[in-house]
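Student: Dropping a structure here in structure tokens format, bear with me for questions.
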Amino acid sequence: MEPLFARTGVIGAGAMGRGIAQIAAQAGSTVMMFDMQAQACAAAQASVFAQWDKLAEKGRMTTDQVALCKARLVCADSLRALSDCQLVVEAVVERLDVKSTLFAQLEDIVSPSAVLATNTSSLSVTAIGARLKRPGQLAGYHFFNPVPLMKVVEVIAGLKTAASVCEDLATYARQMGHTPVMAQDTPGFIVNHAGRGYGTEALRIASEGVADFATIDQILKDQAGFKLGPFELMDLTALDVSHPVMESVYHQYYEEPRYRPSPITAQRLAGGLLGKKSGEGFYRYTNGVADAVAPTPVPTVETMPPVWLSPRAARRAELLLLLKNLGARIETGASPSAEALTLVAPLGFDITTVAVVERLDPARTVGIDMLVADSETKRRVLATNPATRTDMRMAAHALMARDGKAVSVIRDSGGFVTQRGVATIVNIASDMCQQSICSPSDLETAVTLGLGYPMGPLAMGNRYGPTNVLEVLFNMQTVYGDPRYRPSPWLRRRGAIGLSLLHEEDAM
């Protein structure tokens, strides 16, 4: 099948431009690649040619296919060489003045019907096209690195972008083997916007001294199924990339508390602790591999106290069965005896608040996170309060580790770790739907393909229960007094009446 854009121009020979040129040529387009540095363009072309040769060696392309693709990828010696291109994709430095000037030049070179696309990840498409005579022909076309492997592309309409332009770009993305998602022209678009919660909340948890970086990572991987913990992810992307994005989205949304960055990353960026590429970030790296972090050993407890479980505990029936299977001596009285380990399982509240509200002895009170069913996790998470006795903490840890499952013990935190991370992710995604930034289905697709989450954020909210997530947020807002945790109307309304977070209202 003939590609929609038979002649495509790509400006910028960096990794992004190189990747876009590669998949466009593979789709059958003749690609004119241009860079102000001629040697950079030649190097990019050689790199793509080498990639195709490797694919041929692995049997994923034939030699004839490689020869055809190589013939389609040509280095242009000037912008004017792109004059007969039907589509020109820009992948140059993230500066508004550079991009807007470039498109103003291009508009005088290409035909009036040609589509202009910017691969910007953070700038307004509307602002980039403000100087154009035909802003309706400009759209955002945001790919992710490495382009051949990251199979999602955001198609962004500026305020004056013609609907047909976005439709054509979506069709072309499919022809290149990618999945298009449609986004409004808002800071961060879909993927970078939806990704604000995971890292920023983990940083806030660390800043409160709740747990160290490695423990937070391990909890979110083992309890919620993330492939990488937030600090592992920031080390991989590098702080010189991720911290400016945090600041950019925060400031573009006029200091919206949900996107608040952390002094932790600002300080580490200033100190050169960028992550894997610098040899040290939140972890130290030896030959590109993170140094192992020793797990906390399970304490030895000679005499295990009886256990009293709060009647208000989340998943109480499941927790009682777990305690029985672990061989605990369970007290069934209306209140705990003077010797009992008191176990609570709140949603959103910290252990201190629960102990005060339920009139429990804080010295003997320990919390356990039960947002996720115990059968679905690889790790149990316990939390102490400032008054919890050492013997009670050790007893709770030893008891919960009796069957060999990993246990992490953290300091007091409204929402533990997993509740905070999940609730923040779900809340930001819900508010994106409330703002009509994209459709719920496109949001789910963009996040799973672009961020590699175990499921889309709305599906995550459905899995753990919109009502539970709503309770976590309300209670965290009470504990911290921070508007960061105020629930989005999308989540609040659906959680209140038991609707799926993927449920869209009928158009008026």
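Student: Ranking request for peptides 362-373, 125-136: highest mean number of other beta-carbon atoms within 10 Å first, then the rest in descending order.
Tutor: Most protected by this proxy first, the peptides run 362-373, 125-136.
Student: Using the eigenvalues of the Cα gyration tensor, what equivalent ellipsoid semi-axes result for region 204-300 when each is taken as the square root of five times the eigenvalue, whole Å, largest first?
Tutor: Semi-axes from the Cα gyration tensor: 25, 18, 12 Å.
Student: Provide the percentage of antiparallel DSSP beta bridges, counting only those with both residues in region 1-159; round to the nearest 5.
Tutor: DSSP beta bridges in region 1-159 are roughly 15 percent antiparallel.
Student: Assign unit charges at the C-beta atoms only (+1 for Lys and Arg, -1 for Asp and Glu), then state the dipole size of the chain relative to its Cα centre in Debye, rounded to the nearest 20.
Tutor: Once rounded to the nearest 20, the dipole reads 460 debye.
Student: Strictly greater than 20 Å: what percent of every Cα pair in region 1-157 meets that?
Tutor: 46
Student: Whose amide H sits under 5 Å from the amide H of R284, counting only residues 5 or more places off or on another chain, with H placed in the peptide plane?
Tutor: The list, which skips near neighbours in sequence, is D291.
Student: Hey, how many Å between the Cα centroid of region 70-145 and the Cα centroid of region 279-342?
Tutor: 56
Student: Using each residue's phi in region 380-388, evaluate 6.51 cos²θ - 1.76 cosθ + 1.60 at θ = phi - 60° and report the 3J(HN,Hα) Karplus result to the nearest Hz, with x for Gly and Pro.
Tutor: Taking θ as phi minus 60°, the curve returns 9, 10, 10, 9, 9, 10, x, 9, 4 Hz for region 380-388.
Student: Beyond 20 Å between alpha-carbons counts as too far, so tell me which of K99/K133; K151/K227; K151/K277; K70/K277; K133/K160 fall in that bin.
Tutor: As for pairs spanning more than 20 Å Cα to Cα, those are K151/K277; K70/K277.
Student: Considering the Cα positions of region 145-208, please state its Rg to one decimal place and its Dmax as a whole number of Å.
Tutor: Cα only, region 145-208: 15.4, 49 Å (Rg, Dmax).
Student: Go ahead and run the numbers for FRET between K227 and K277, Cβ-Cβ distance against an R0 of 22 Å, rounding to 0.05.
Tutor: With R0 = 22 Å, the Cβ-Cβ based efficiency is 0.65.
Student: Calculated from the structure, Rg and Dmax of the Cα atoms in Å equals which of (1) 23.0, 70; (2) 24.0, 79; (3) 26.4, 85?
Tutor: After the calculation, the listed value that fits is (3).
Student: Hey, another quick one. How much length would be gained if the chain were fully extended between H251 and V356, taking 0.36 nm per residue of separation minus their Cα-Cα distance, in nm to one decimal?
Tutor: Taking 0.36 nm per residue and subtracting the Cα distance, the gain is 34.0 nm.
Student: Could you compute the net charge surrounding K405? Neighbours are other residues with a C-beta less than 10 Å from the C-beta of K405; K and R count +1, D and E count -1.
Tutor: Within the 10 Å Cβ shell, the charges total +1.
Student: Solvent-accessible area per residue for region 369-476 at a 1.4 Å probe radius, Å²?
Tutor: About 30 Å² of surface per residue is accessible.
Student: For labels at K378 and D84 in the simple 7 Å Cα→Cβ model, what's the distance in nm?
Tutor: Label at K378, label at D84, 5.6 nm between them.
Student: Something else now. How would you order 250-256, 465-471 from highest to lowest mean count of nearby Cβ atoms within 10 Å?
Tutor: So the peptides 250-256, 465-471, ranked by packing, come out 465-471, 250-256.
Student: Apply the Karplus parameterisation 6.51 cos²θ - 1.76 cosθ + 1.60, with θ equal to phi minus 60°, to every residue of region 266-283 and state each ³J(HN,Hα) to the nearest whole Hz, in sequence, with x for glycine and proline.
Tutor: Each residue of region 266-283 in turn: 4, 5, 5, 5, 4, x, x, 8, 7, x, 4, 5, 9, x, 7, x, 6, 10 Hz.
Student: How far, in nm, would the chain grow between E504 and K70 when pulled straight, counting 0.36 nm per residue and subtracting the alpha carbon separation?
Tutor: Full-extension gain reported as 151.7 nm.
Student: Can you give the FRET efficiency to the nearest 0.05 for R411 and E57, using r as the Cβ-Cβ distance and R₀ = 45 Å?
Tutor: It comes to 0.25.
Student: I'd like the FRET efficiency for V289 and E94, computed as 1/(1 + (r/R0)^6) with the beta carbon distance as r and R0 of 45 Å, rounded to 0.05.
Tutor: 0.90
Student: List the relative contact order of the chain as a percent without decimals, with contacts defined as Cα pairs under 8 Å and 6+ residues apart.
Tutor: 12
Student: Within the accessible area of the chain, what % is carbon and sulfur when the probe is 1.4 Å and the other protein chains stay in place?
Tutor: 53
Student: Write down Rg/Rh for region 345-487, rounded to two decimals, with Rg from the C-alpha atoms and Rh from the Kirkwood relation over Cα pairs.
Tutor: Using Cα coordinates only, the ratio equals 1.03.
Student: So how much slack lies between M150 and T296, counting 0.36 nm per residue of separation and subtracting their Cα-Cα distance, in nm?
Tutor: 48.9 nm
Student: Keeping all protein chains in the complex and leaving out DNA, RNA and ligands, what accessible area do you get for E232 with a 1.4 Å probe, in Å² to the nearest 10?
Tutor: 50
Student: If you don't mind, there's one more thing I want to ask. For the chain, take the longest principal axis of its alpha carbons; what is the angle in degrees between that and the long axis of helix 38-57, to the nearest 10 within 0 to 90?
Tutor: For 38-57 against the chain, the angle is about 70 degrees.
Student: Only residues of region 209-244 count here: report those whose backbone N is under 14 Å from the spot 7 Å along Cα→Cβ of D482, or say none.
Tutor: 209-211
Student: Helix 163-175 against the longest principal axis of the chain: what's the angle in degrees, Cα atoms only, rounded to the nearest 10?
Tutor: The two axes meet at around 80 degrees.
Student: Next question. Helix-only estimate, please: 222 nm mean residue ellipticity of the chain, summing -39500 (n - 2.57) across DSSP H runs of length 4 or more and dividing by its residues, to the nearest 500.
Tutor: Rounded to the nearest 500, it is -13000 deg cm²/dmol.
The values are calculated or read from the model by the stated rules, or taken from the named source; none is laboratory data. All values derive from a computational prediction rather than experimental measurement. Note: ideal-geometry Cβ built from the backbone for every residue, glycine included; neighbour counts use all protein chains shown. With ligands, DNA and RNA removed, areas are computed over all heavy atoms of the protein, side chains included. Shrake-Rupley method; radii C 1.70, N 1.55, O 1.52, S 1.80 Å.
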